[in-house]
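Participant: Here it is, the structure, as structure tokens.
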Amino acid sequence: MRQTEDIDKTLEALARQNAQLGGLAIATGAILTHLLQTMCLREMNPQFAATKIISNATKAIDDLKPGDDAGDAAQKALEAVKLYEAQIRAVLPT
């Protein structure tokens, strides 16, 4: 019985930590997106600046892409870059 209680407490602690990390990831993403939008808007050609940032990020992820074990993490990172690109371009003049 004691072991079950310990496992339950550990699972609850891990769930709290996971929720905290999820919140931090969302906040970091929002701040990063806003900073990148601000940087792009200050450029003479904001669309080109956004393209350069996104292509550099994509290349960095591709360069770091290890074997099959971390393939899911790399795929998630590429999805995040595409999401940031859409958010950045949403406020840029065309």
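The values are calculated or read from the model by the stated rules, or taken from the named source; none is laboratory data. These numbers were taken from a predicted model, which means no experiment stands behind them. FYI the Cβ positions are ideal-geometry reconstructions off the backbone, even for glycines, and counts take in every protein chain you see.
Participant: Restricting the search to segment 73-94, which residues are closer than 12 Å to T33 by Cβ and hydroxyl-bearing (S, T, Y)?
Facilitator: Passing the criteria: only Y84.
Participant: Right, something else. Looking at R16, R42, R89 in this structure, which one is among the basic types (K, R), at negative phi and surrounded by 13 or more Cβ atoms within 10 Å (Cβ to Cβ)?
Facilitator: Just a single option satisfies the conditions, and that option is R89.
Participant: Is at least one residue of segment 76-91 outside any helix (DSSP H, G or I) and in contact (Cβ under 8 Å) with a residue 40 or more places away in the chain?
Facilitator: yes
Participant: Could we say that T51 is loosely packed, with under 12 Cβ neighbours inside 10 Å, without any contact (Cβ under 8 Å) to a residue 60 or more places away in the chain and among the hydroxyl-bearing types (S, T, Y) here?
Facilitator: no
Participant: What residue, of T10, T4, is β-branched (V, I, T), part of a helix (DSSP H, G or I), more than 19 Å from the chain's Cα centre (by Cα) and surrounded by fewer than 10 Cβ atoms within 10 Å (Cβ to Cβ)?
Facilitator: That would be T4, the only listed residue that is β-branched (V, I, T), part of a helix (DSSP H, G or I), more than 19 Å from the chain's Cα centre (by Cα) and surrounded by fewer than 10 Cβ atoms within 10 Å (Cβ to Cβ).
Participant: Using the structure shown, decide if L36 is of a type in the set (A, V, I, L, M) and touching a residue at least 24 places away in the same chain (Cβ under 8 Å).
Facilitator: yes
Participant: What's the number of the only condition in (1) of a type outside the set (S, T, Y); (2) modelled with pLDDT under 90; (3) in a helix (DSSP H, G or I); (4) out of contact with any Leu (no Cβ under 7 Å at 6 or more places or on another chain) that P66 fails to meet?
Facilitator: Among (1) of a type outside the set (S, T, Y); (2) modelled with pLDDT under 90; (3) in a helix (DSSP H, G or I); (4) out of contact with any Leu (no Cβ under 7 Å at 6 or more places or on another chain), the lone unmet condition for P66 is (3).
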